[in-house]
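What follows is a set of notes on a single structure, which appears directly below.
Rule-based calculations on the coordinates, nothing more; no lab input. Since the model is a prediction, treat every value here as computed from it, not as a measurement. With ideal geometry, Cβ positions are generated from the backbone for all residues, glycine too; neighbour counts draw on all protein chains shown.
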Amino acid sequence: MPAEAATAVDNAHLLVVDDDARLRALLQRFLSEQGFRVSIAADAAAARAQLAAVAFDLVVLDVMMPGETGLELVESLRRDGKDVPVLMLTARGGPEDRVAGFEMGADDYLGKPFEPRELALRIRTILRRVAPPAQPLTAAPVQLGMRWFDAERSELRGPEGTVRLTGGEAALLHALARRAGDVLSREEIATALGTPEAGERAIDVQVTRLRRKIEPDPREPRYLHTVRHRGYVLRPGP
């Protein structure tokens, strides 16, 4: 990775949201030692106030908090068009819990207890995934009906202007667009997204969310097709 991109990742400003004061303090100290700028919030209300005032690069968000949960907060952020990347933390690490997080719009999911170094690695993976490319790409924009995906900027544009994509949605579309016409297995997609441990259901959820952004009728896909027993393929066109 170019030095400029590495510096941007390491200097990222994170917001850690957790009702456990001890864990907040530990994460703030550890992530600061890793080179990140770190702010903290004890609950969803405090997080909202900070998100309204500061453009954070990523949010580390606990799921189980008193009052508004982390799942409810990330769902509200996505509904309001806020695409800040979100990594969710939870003591409930079953597949159905990961799926719930992805359905709400999370970019990654880490179960408690966790190894702090793995958390830092996942944060850097997400930040690299959503960062603008250091070098201009030569690939032409991909046509999806009345919309076009600009891989250079990871932007989806249409007659209505720029369509908001979460970091995970943009990364998924980028991976599919790079190999447009090729069938990608769910394992290949998970690896391209930097989440090789993601289950099949989690990938299916991400595809469903992306279809809502690119398909005229997500129930009858024209561009992002399911290939039975094999995976998914993006077929651009008018």
Checklist entry - Given Cα pairs under 8 Å that are at least 6 residues apart, what percent is the relative contact order of segment 3-130? => result 23 percent
Next on the checklist: If you average the C-alpha positions of segment 74-113 and of segment 162-238 separately, how far apart do those two centres end up, in angstrom?
Outcome noted: 18 Å
Item to check | Cα gyration tensor shape for segment 3-130, rounded if a/c is under 1.5, else prolate or oblate | outcome: rounded
Checklist entry - Which whole-number percentage describes the relative contact order of segment 142-234, with Cα contacts under 8 Å and a sequence gap of 6 or more? => result 26 percent
Item to check | Net charge dipole size for segment 25-163 [Lys, Arg +1 and Asp, Glu -1 on Cβ; Debye, nearest 20] | outcome: 340 debye
Checklist entry - What does the helix-only formula give at 222 nm for the chain: each DSSP H stretch with n ≥ 4 adding -39500 (n - 2.57), the total divided by the residues, and the result rounded to the nearest 500 deg cm²/dmol? => result -13000 deg cm²/dmol
Checklist entry - If you average the sequence gap of Cα pairs under 8 Å that are 6 or more apart and divide by the length of the chain, what percent do you get for the contact order? => result 15 percent
Item to check | Net dipole in debye of the chain [+1 Lys, Arg Cβ; -1 Asp, Glu Cβ; about Cα centre; nearest 20] | outcome: 540 debye
Next on the checklist: To the nearest 20 Debye, how big is the dipole of segment 142-234 about its Cα centre, given +1 on the beta carbon of each Lys and Arg and -1 on that of each Asp and Glu?
Outcome noted: 200 debye
Checklist outcome for this item: Candidates GLY101, GLY70, GLY81; GNM for the chain (alpha-carbon contacts under 10 Å) flags as most fluctuating GLY81
Checklist entry - Given R₀ = 45 Å, FRET efficiency for GLU220-ALA25 by Cβ-Cβ distance, to 0.05? => result 0.35
Item to check | Global form of segment 142-234, assessed from the alpha-carbon gyration tensor, a/c cut-off 1.5 | outcome: prolate
Checklist outcome for this item: Rounded to the nearest 5, the percent of DSSP beta bridges in the chain running antiparallel is 45 percent
Checklist outcome for this item: By the C-alpha gyration tensor axes a ≥ b ≥ c (rounded if a/c is under 1.5, else prolate when a/b exceeds b/c, else oblate), the shape of the chain is prolate
Checklist outcome for this item: Listed residues ALA46, ALA180, ALA171; largest mean-square fluctuation, Gaussian network over the chain with Cα springs below 10 Å, found at ALA46
